[in-house]
Amino acid sequence: MATVNSTTPERLIWQGGTQPMKVGYGKLMMWVFLLSDTFTFSALLISYGLVRFSYPSFQDLNPGVSLKNFEFSQQWWPTPEAVFEAVPFLHGISLPLVFVGIMTFILIFSSVTMVLAVEAGHRMDKADVEKWMLWTILGGFTFLGSQAWEWNHFIHGTPEGSMIDGVQFFGANLVHNQYGPTAFADFFFFITGFHGTHVLSGVVLNILIFYNAANGVYEKRGHYDMVEKVGLYWHFVDLVWVFVFTFFYLV
Amino acid sequence: MAAVTAHVADVHAHEEHEHHELSFVRKYIFSEDHKTIAKQYLISGIIWAVIGGLMSVVFRLQLGFPNLDMAWLKPILGQWVSISAEGVGKLDPNFYLALVTMHGTIMVFFVLTAGLSGTFSNFLIPLQIGARDMASGFINMLSYWFFFLSSMVMFVSIFVETGPAGGGWVVYPPLSALADANPGSGIGMTLWLVAMALFIVSSLLGGINYVTTVINLRTRGMSFDKLPLTIWAFTFTAILGILAFPVLFSAALLLIFDRSFGTSFFLSEIYVNGQALPNQGGSPILFQHLFWFLGHPEVYIIILPALGITSEVIATNSRKPIFGYKAMIFSMAGIMFLAFIVWAHHMFVTGMNPFLGSVFMLLTLIIAVPSAVKAFNYITTLWRGNIVFTPAMLFAIGLVSFFVSGGLTGIILGNSALDIQLHDTYFVVAHFHIVMGAAAIFGMLAGVYHWFPKMFGRMMNAKMGYAHFWLTFISSYLVFFPMHYIGIAGFPRRYYQWSGFATFDSYADLNAFITVAAIISVAAQAIFISNFVYSIFKGKKAPANPWNSNTLEWTTDNPGHGNWPGEIPTVYRWPYDYSKPNSAVDFIPQNIPYSSTPESNLPHENEMIADEKEIEKLEFDRSIPD
Ligand code: HEM
Ligand SMILES: [Cu+2]
C-alpha cells in the first residue's frame with residue numbers, strides 16, 4: 001500500500017464521501033492524541049521552567065567565581081554538568097553529560113530503526129519488519145535500563161553528599177536533595193519518570209506489533225499500518241525526550 | 001418531496017453487523033452504537049444534575065435562612081447536621097464547603113461537559129454528517145465507561161467519613177494539597193483527583209473520535225461549508241477539550257504527588273496549626289495558571305455545544321436561514337482561539353504584574369466581539385421570522401437572553417481595575433451562573449426537547465414543556481439577578497454565613513428571596529423529568545421530521561443500527577434553506593439536489609448542478625487502511 005490510488009479528483013477531495021487527507025481514522029486518531037499529549041508535556045516542562053528560573057544560579061550568588069568551583073547548595077539551582085557526570089564502570093571519573101548523551105543517541109537510533117521497520121512494512125517484507133522492530137525494542141529497553149541506572153545513581157548520590165538541615169545527606173528523593181533545591185529532584189523524578197512511562201508503554205506496544213507481525217497478522221491483513229501508527233507514537237516519545245534533555249541537561 | 005438518489009455502496013463498513021441480533025448487554029450496556037451511548041450520557045447527566053441541584057438547595061437554605069432548624073435533614077446528611085442542646089439542627093460548616101465544591105464540580109464537568117457534549121456530539125455527529133456510526137465505536141464505548149468509572153469514584157467520595165473534596169471546584173493548593181488543612185482535603189480530595197483523571201481520559205477518547213469522524217466520515221457532498229452549525233460547534237468543542245484537558249491532567253498528577261508523596265510542586269513556606277511544613281520552593285500560583293489554562297477553555301467547552309444547538313433550533317423554528325453562517329463559524333473559531341490566551345483574567349488579584357494583567361484584560365475584552373457577533377446573529381435570525389414557539393425554541397431564545405445578560409457582566413469583570421473589587425464576590429457567581437450555568441442548561445434542554453423525537457421515537461408533551469420553560473426562565477433570573485447587587489455590596493463567595501457582619505444584615509431578605517426562587521427553579525425540573533420519563537414510554541409516536549427541519553438526521557425514520565436502512569443520503573445544499581423564495585415548501589432538506597428545485601435556485605446554485613453528478617460518484621477509498 002505504498003501508493004494510495006484514490007479515484008477522487010483533488011478538486012472534490014473535501015466534498016465528503018471519502019477520506020480528505022487520504023489517511024484512515026486510526027492514524028488520524030494517533031495524530032490527535034499526540035497533539036493532546038504535547039500539551040501534557042508542555043505543561044510539565046513550562047512548570048519546570050517557571051520554578052527553575054525562580055531560583056538563582058550559582059553564578060548569580062557568587063559573581064566572578066568560575067563554574068569549575070561549583071558546589072552543591074540548597075541556595076542555588078545546580079548546574080547539570082555537575083550533577084550528571086557519572087558513567088557506568090567508570091567510577092570516580094567526571095564525564096559531564098556523557099552518559100545522558102549516549103542515552104539520547106540510543107533513543108534516536110531506535111527511531112531510525114523504527115523508520116526502517118515502517119519502510120519494510122510498505123514493501124510488505126515480513127522478515128525485515130521483524131528485524132527492525134526487534135532493534136527498536138532493544139533500543140527501548142536499553143534506554144529504560146540506562147535511565148534506571150541514572151536514577152539509581154541520582155538517588156544514591158556522591159560519596160561527599162551535602163549538609164541539609166545540619167545532617168549529612170546523600171543523593172536525592174522527593175523530599176531531600178543533595179544537589180540543590182528539592183524542586184530540582186521533584187521535577188527530575190516526575191518528568192523523566194513520566195517520560196519513562198511513555199517509553200515503557202511504547203516498548204509494550206512495539207512488542208505487541210512485533211508479535212503480530214511475526215504471527216503474520218499484518219501480512220494476512222494486507223498492510224502494515226499498525227507499524228506506522230505505533231511508529232508515530234515512538235517518534236513522538238523520542239521528540240519529547242529531546243525537549244526533556246534540553247530542559248534538564250542543557251539549560 | 002424527498003428525492004433521495006440511490007447510488008453505489010455504503011460509506012461505512014458496517015453492513016456485516018446488521019444482520020445478527022446483538023445480546024442485551026451489547027445492545028444497551030456495553031453498546032458501541034453512538035445513539036445508545038448518547039442516551040447513556042444523557043441519562044447519567046440528568047441523574048448528576050438532580051444530585052447537583054439538590055445539593056444547591058441545601059446550601060441555599062443555609063445562606064437564605066441561617067437560623068433554620070435543619071434537623072429534618074439529619075436522616076440524609078447524618079453527621080453533617082449537628083443537633084444542639086435545644087434540639088436545633090445546624091449544618092456543618094466544612095460540609096457546606098464540600099457541598100459547594102461538589103455542586104460546582106458536578107455541574108461543570110459531569111452535567112454540562114459529559115452530559116451535554118457526550119449526549120449531543122455522540123447523537124448528532126454521525127446522524128448529521130451522514131455516517132453509519134463514529135469512526136471507532138469501541139473507543140466511543142470506552143469513553144462512556146471511563147466517564148462512568150469517574151462518576152462512581154466521585155459519587156463514592158460523597159460518602160467517605162471526612163466528606164468529599166472541599167476546596168472549591170478549582171481545588172487550589174495549598175488548601176487542597178494538605179490533608180490537615182480541612183476535612184475536605186482528606187481522602188475526599190484524593191478521590192476527586194482520581195475521578196478527574198479518569199474523566200479527562202474519557203473526554204480525550206470522546207474528543208478524538210468526534211474530530212476524526214467529522215474529518216473522515218462525512219457523506220458525499222457534505223463539505224465543511226455545508227456542515228450544520230451544531231457540527232462546527234461540537235468539533236471546536238472537541239478540539240478545545242483535546243488541547244486543554246491534558247494541562248489539567250498534568251496539574252492533577254503534580255497535585256497528587258504533593259498530597260501523597262511529599263513533593264513541593266505547589267507548596268512553599270506553610271504553617272499548619274502553628275507547625276512549619278518542610279515544603280520549600282513550589283508555587284501555588286503555578287497551579288492556578290495550569291488550572292485556568294483548562295478552566296477558561298472549559299467554560300467554552302460548556303457553552304459552544306449549547307450555542308451550536310441554539311443555532312439549529314432557532315433557524316429551524318424561525319423558518320429562516322441562519323443569519324451569518326460564515327460569521328458564526330468564524331466567531332466560534334475566534335472564541336476557541338482566544339479561549340487559550342485569556343486564562344489569567346481569573347487571577348488578577350494573585351499579585352500578577354499589573355502590566356501582564358492589562359495584556360490579559362485586553363485579550364479578554366476582545367472575546368466580547370465574537371460573542372456579540374453570535375448574539376446579534378441569533379437576534380437577526382429571529383427578526384421577522386415566521387417563528388414557531390416549540391418548547392425547544394423557547395429554551396433556545398432563553399439561552400440567547402442569558403448569554404447576553406451574562407456576557408455583559410463578563411465585560412465588567414474583564415476590567416482588572418473593576419475585578420479587583422468584584423473578584424470572589426457574588427457578582428462573579430451571578431456572572432457565570434447566568435452566562436454558563438443557565439445558558440448552557442437552557443441549550444441542553446433545547447436540545448433534548450428538539451431531538452427527543454429522533455432519540456426515542458416519541459414526542460414530549462409540549463404543554464408541560466411550556467410550563468417548564470416559564471418557571472425555569474423566570475426563577476433563574478430571580479435567583480441570579482439579585483446576586484449582582486449582593487456581590488457589589490461585597491458579599492464574598494464560599495462563606496458559610498454572613499450573620500457575623502452587621503453591614504450585611506440589610507441584605508438578609510434578599511438572600512432569603514434568592515433561596516425561595518432557587519427552590520422553585522429546582523422544583524420546576526420535576527416537570528421536565530416526569531415529562532421525559534413519561535414520554536419515553538407513553539409519548540405520542542413521532543413522525544420522521546416533526547419540526548420540518550433540513551438536516552440529515554430527519555431523513556431517517558427512527559434510526560436503527562447503522563442509521564439509514566438503505567443508502568446514506570447524498571448532500572447537495574447547506575442546511576438552512578428555509579422559506580426560500582419561489583419554493584413551494586418552506587424547507588428544502590440537505591439531500592434535495594438543486595437539479596430538482598429549478599424554481600428556487602439562485603444563479604450560483606444553478607452552476608452547482610454541474611457538479612452534482614460527480615459528487616454522487618464520490619467513493620470512500622477502501623485502499624486506505626483504518
Ligand atoms: C464577554 C465574555 C466574557 C468575559 C469578558 C468574561 C470575563 C470573566 C472574568 C474576568 C472572570 C473572573 C472573575 C473573577 O473571578 O474575579 C470570569 C469568571 C467566570 N466566567 Fe466569564 N467572561 C465572559 C464570558 C463567559 C462565558 C461565555 C462563560 C461560560 C460559558 C463564562 C464563565 C465564567 C466562569 C465559570 C467564571 C468563574 C469561575 C470561578 O471563579 O469559579 N464567562 N469571567
Ligand atoms: Cu475565563
Considering only residues that are near ligand 1 (Cβ under 9 Å from one of its atoms) and outside any helix (DSSP H, G or I), which ones fall in the range B:366-395? B:Ile367
So the check is Cβ under 8 Å with 6+ separation or different chains; which pairs have a first residue in the range B:75-91 that's open to solvent by 30 Å² or more (accessible area, probe 1.4 Å) and a second one that's of a type in the set (S, T, N, Q)? B:Lys90/B:Ser82; B:Lys90/B:Ser84
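Mind listing whichever residues of the range A:87-110 are in contact with a Ser or Thr (Cβ under 8 Å, 6 or more places away or on another chain) and hydrophobic (A, V, I, L, M, F, W, C)? Spell out how you get there, then give the answer.
To start, the set of residues in the range A:87-110 that are in contact with a Ser or Thr (Cβ under 8 Å, 6 or more places away or on another chain) comprises A:99, A:102-103, A:106, A:110.
Of everything in the range A:87-110, those that are in contact with a Ser or Thr (Cβ under 8 Å, 6 or more places away or on another chain) and hydrophobic (A, V, I, L, M, F, W, C) turn out to be A:Phe99, A:Ile102, A:Met103, A:Ile106.
Within the range B:312-323, is there a residue that is open to solvent by less than 20 Å² (accessible area, probe 1.4 Å), aliphatic (A, V, I, L, M), assigned to a loop (DSSP other than H, G, I, E, B) and away from every other protein chain (no Cβ under 12 Å)? Give the derivation first.
So in the range B:312-323, the residues open to solvent by less than 20 Å² (accessible area, probe 1.4 Å) come out as B:312-319, B:322.
Next, from what is left, pick out any that are aliphatic (A, V, I, L, M): B:313-315, B:322.
So of that shortlist, the ones also assigned to a loop (DSSP other than H, G, I, E, B) come out as B:322.
Still in the running and away from every other protein chain (no Cβ under 12 Å): B:322.
The answer is yes; a qualifying residue exists.
May I ask you to verify whether B:His450 is without any contact (Cβ under 8 Å) to a residue 60 or more places away in the chain and under 19 Å from the mean Cα position of the chain (by Cα)? Before the answer, list the steps.
Values: without any contact (Cβ under 8 Å) to a residue 60 or more places away in the chain: no; under 19 Å from the mean Cα position of the chain (by Cα): yes.
Taking the combined requirement at face value, the residue does not satisfy it.
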Can you tell me which of (1) touching a residue at least 12 places away in the same chain (Cβ under 8 Å); (2) surrounded by 15 or more Cβ atoms within 10 Å (Cβ to Cβ); (3) not polar (S, T, N, Q) is the one B:Val369 doesn't meet? (2)
Taking the range B:252-289 and keeping only residues that are surrounded by fewer than 21 Cβ atoms within 10 Å (Cβ to Cβ), of a type in the set (Val, Ile, Thr) and within 22 Å of A:Asp165 (Cα to Cα), one is left with B:Ile270, B:Val272
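Is it fair to say B:Gly207 is without any contact (Cβ under 8 Å) to a residue 40 or more places away in the chain and open to solvent by less than 10 Å² (accessible area, probe 1.4 Å)? Spell out how you get there, then give the answer.
Values: without any contact (Cβ under 8 Å) to a residue 40 or more places away in the chain: yes; open to solvent by less than 10 Å² (accessible area, probe 1.4 Å): yes.
Yes.
Hey, does the range B:210-219 have a residue that's within 19 Å of the chain's Cα centre (by Cα), facing chain A (nearest Cβ under 9 Å), open to solvent by 10 Å² or more (accessible area, probe 1.4 Å) and not acidic (Asp, Glu)? Outline the logic, then answer.
Taking the range B:210-219 first, the residues within 19 Å of the chain's Cα centre (by Cα) are B:210-211.
After this cut, where a residue has to be facing chain A (nearest Cβ under 9 Å) as well, the list is B:211.
Narrowing further to those that are open to solvent by 10 Å² or more (accessible area, probe 1.4 Å): B:211.
Subset that is not acidic (Asp, Glu): B:211.
Yes: one or more hits.
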Okay, helices (runs of 4 or more DSSP H) sitting entirely in the range B:113-224 with 1 or more residues that are modelled with pLDDT of 95 or more and under 19 Å from B:Leu99 (Cα atoms), I get B:137-157, B:187-216
Give the range A:6-32 a look and list any residue that's aromatic (Phe, Trp, Tyr) and surrounded by fewer than 19 Cβ atoms within 10 Å (Cβ to Cβ), or say none. A:Trp14, A:Trp31
Output yes when any residue across the range B:422-435 is surrounded by 21 or more Cβ atoms within 10 Å (Cβ to Cβ), near ligand 1 (Cβ under 10 Å from one of its atoms), in contact (Cβ under 8 Å) with a residue 24 or more places away in the chain and among the acidic types (Asp, Glu), and no when none is. no
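Across the range A:24-42, which residue is nearest to B:Val247 (Cα to Cα) among those that are at the interface with another protein chain (Cβ under 7 Å from one of its Cβ atoms) and hydrophobic (A, V, I, L, M, F, W, C)? It would help to see each step written out before you state the result.
Our first condition is that a residue be at the interface with another protein chain (Cβ under 7 Å from one of its Cβ atoms); within the range A:24-42, this holds for A:24-26, A:28-29, A:32-33, A:35-37, A:39-40.
Those left that are additionally hydrophobic (A, V, I, L, M, F, W, C): A:28-29, A:32-33, A:35, A:39.
Numbers: A:Leu28: 21, A:Met29: 19, A:Val32: 15, A:Phe33: 14, A:Leu35: 12, A:Phe39: 6 Å.
Residue satisfying both the conditions and the ranking: A:Phe39.
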Selected residue (criterion: most open to solvent (accessible area, probe 1.4 Å)) from residues of the range B:324-342 that are within 14 Å of ligand 2 (Cβ to nearest atom) and not in a helix (DSSP H, G or I): B:Ile341
Might you let me know whether the range B:484-493 holds any residue that is assigned to a loop (DSSP other than H, G, I, E, B), away from ligand 1 (no atom under 16 Å from the Cβ) and of a type outside the set (Gly, Ala, Ser)? no
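Somewhere in the range B:298-308, is a residue more than 26 Å from B:Ser121 (Cβ to Cβ) and either open to solvent by less than 50 Å² (accessible area, probe 1.4 Å) or away from ligand 1 (no atom under 14 Å from the Cβ) (or both)? Before you say what the answer is, go through the steps one by one.
Going through the range B:298-308, the residues more than 26 Å from B:Ser121 (Cβ to Cβ) turn out to be none.
No, every residue in the range B:298-308 fails to be more than 26 Å from B:Ser121 (Cβ to Cβ) and either open to solvent by less than 50 Å² (accessible area, probe 1.4 Å) or away from ligand 1 (no atom under 14 Å from the Cβ) (or both).
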Restricting attention to the range A:10-65, which residues are over 18 Å from B:Leu254 (Cα atoms) and of a type in the set (Val, Ile, Thr)? A:Ile13, A:Thr18, A:Val23, A:Val32, A:Val65
Counting only residues in the range A:190-232 that are open to solvent by less than 20 Å² (accessible area, probe 1.4 Å) and among the hydrophobic types (A, V, I, L, M, F, W, C), the one nearest to the other protein chains (Cβ to nearest Cβ) is identified as A:Phe190
Give just the number: which of (1) closer than 19 Å to B:Phe249 by Cβ; (2) under 15 Å from the mean Cα position of the chain (by Cα) does B:Leu304 not satisfy? (1)
Looking at the range B:372-381, can you tell me whether even one residue there is within 16 Å of ligand 2 (Cβ to nearest atom), modelled with pLDDT of 95 or more and either in contact with a strand residue (DSSP E or B) (Cβ under 7 Å, 6 or more places away or on another chain) or within 26 Å of B:Trp292 (Cα to Cα) (or both)? no
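Report whether or not A:Phe154 is touching a residue at least 60 places away in the same chain (Cβ under 8 Å) and either among the small types (Gly, Ala, Ser) or open to solvent by 60 Å² or more (accessible area, probe 1.4 Å) (or both).
Details: touching a residue at least 60 places away in the same chain (Cβ under 8 Å): yes; either among the small types (Gly, Ala, Ser) or open to solvent by 60 Å² or more (accessible area, probe 1.4 Å) (or both): no.
It is false that A:Phe154 is touching a residue at least 60 places away in the same chain (Cβ under 8 Å) and either among the small types (Gly, Ala, Ser) or open to solvent by 60 Å² or more (accessible area, probe 1.4 Å) (or both).
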Mind listing just one residue for me: the one in the range B:350-365 that is over 17 Å from B:His423 (Cβ atoms) and open to solvent by less than 70 Å² (accessible area, probe 1.4 Å) and, of those, farthest from ligand 1 (Cβ to nearest atom)? B:Val359
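Yes or no: the range A:233-240 includes at least one residue that is within 14 Å of chain B (Cβ to nearest Cβ), surrounded by fewer than 21 Cβ atoms within 10 Å (Cβ to Cβ) and within 30 Å of A:Trp31 (Cβ to Cβ). Explain how you work it out, then say what you get.
Initially, the range A:233-240 is screened for residues within 14 Å of chain B (Cβ to nearest Cβ), giving A:233, A:236, A:240.
Among the residues that remain, those that are also surrounded by fewer than 21 Cβ atoms within 10 Å (Cβ to Cβ) are: A:233.
Pick out the ones that are also within 30 Å of A:Trp31 (Cβ to Cβ) and you get A:233.
Within the range A:233-240 (the criterion being within 14 Å of chain B (Cβ to nearest Cβ), surrounded by fewer than 21 Cβ atoms within 10 Å (Cβ to Cβ) and within 30 Å of A:Trp31 (Cβ to Cβ)), the answer is yes, since at least one residue qualifies.
The values are calculated or read from the model by the stated rules, or taken from the named source; none is laboratory data. Note that the structure is predicted; figures quoted are calculated from it, not measured. So basically every Cβ, Gly included, is an ideal-geometry build from the backbone, and we count neighbours across all protein chains shown. The accessibility values were calculated without ligands, DNA or RNA, using every heavy atom of the protein model including side chains. Shrake-Rupley method; radii C 1.70, N 1.55, O 1.52, S 1.80 Å.
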